[in-house]
Amino acid sequence: MAQAVTPSQSPKAYQLKVTISDSVPDIWRRVIVPAHITLAELHDILQHTMGWESQHDYGFHQGVSPNKSSFETQQVLSTVLAEIAASPLYYLYDFKGGWLHRIEVEALEVGADTSEVPTCLAGAEACPIETSGGVWGYDELMERLDDPSDPEYMDLIEKYGSFDPGAFSVADVNDRLRAHSSRPTKA
């Protein structure tokens, strides 16, 4: 739950919980991000936090429907979060596959000296295979990878290897975030 911020205060960072909607078990990450980033920059952070490879279109909106209050990617995160108040922000990645992420503000860092480098604090479950077709396609793929009697089992094992849906490492996520933040920015 977000802390109250008076108009004279500006948060320097947000602690966000990002959960892939309809995932069972929940696939989620808790991350601290600078408040002044744009939604396009948040997209990049989420890609590295979740483990995606930015192969698809994306958008941010209020409410579970992408047609409701869509936000421009150049809007600043703190402005968007102030506009939607206590409502969650939604991030839709891959319009066809439909990876819908619910973004909740858990805490604000108003006066703290926060790092400009986003940091993952916790999470659960591996990033789903990006091209599996959303939550339902991913669930079906996991069932097929667990079924040696599936006619395509060997082809799937060859393609995806020994994918562990429960694998998650905060250290690996933070390594990706550090590597991403150390890259020169585009002019």
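At a glance:
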read-out	value
Residues located in segment 138-159, provided they are part of a loop (DSSP other than H, G, I, E, B) and among the acidic types (Asp, Glu)	Asp146, Asp147, Asp150, Glu152
Pair list, Cβ < 7 Å and 6+ apart or interchain, from segment 43-56 residues that are without any contact (Cβ under 8 Å) to a residue 24 or more places away in the chain to residues that are open to solvent by less than 10 Å² (accessible area, probe 1.4 Å)	Ser54/Gln47
Residue in segment 133-185 that is nearest to Gln47 (Cα to Cα), counting only those that are β-branched (Val, Ile, Thr) and open to solvent by 40 Å² or more (accessible area, probe 1.4 Å)	Val170
Failed condition for Val135, given (1) outside any loop (DSSP other than H, G, I, E, B); (2) free of Cβ contacts under 8 Å to residues at least 24 places away in the same chain; (3) in contact with an Asp or Glu (Cβ under 9 Å, 6 or more places away or on another chain)	(2)
Segment 80-97, subset surrounded by fewer than 13 Cβ atoms within 10 Å (Cβ to Cβ) and closer than 20 Å to Asp57 by Cα, residue modelled with the highest pLDDT	Phe95
Selection status of Ala124, modelled with pLDDT under 90, open to solvent by 20 Å² or more (accessible area, probe 1.4 Å) and either within 22 Å of Leu16 (Cβ to Cβ) or over 18 Å from the mean Cα position of the chain (by Cα) (or both)	no
Residue in segment 160-180 that is modelled with pLDDT of 90 or more, of a type in the set (D, E, K, R) and part of a strand (DSSP E or B) present	no
Candidates Ala40, Ala35 - the one that is farther than 26 Å from Thr131 by Cβ and among the small types (Gly, Ala, Ser)	Ala35
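The values are calculated or read from the model by the stated rules, or taken from the named source; none is laboratory data. Just so it is clear, the model here is predicted, and its values are computed rather than measured. For neighbour counting, all protein chains shown are included, and Cβ atoms are generated from backbone atoms with ideal geometry for every residue, glycine included. Note: accessible area is taken over every heavy atom of the protein model, side chains too, but ligands, DNA and RNA are not part of it. Shrake-Rupley method; radii C 1.70, N 1.55, O 1.52, S 1.80 Å.
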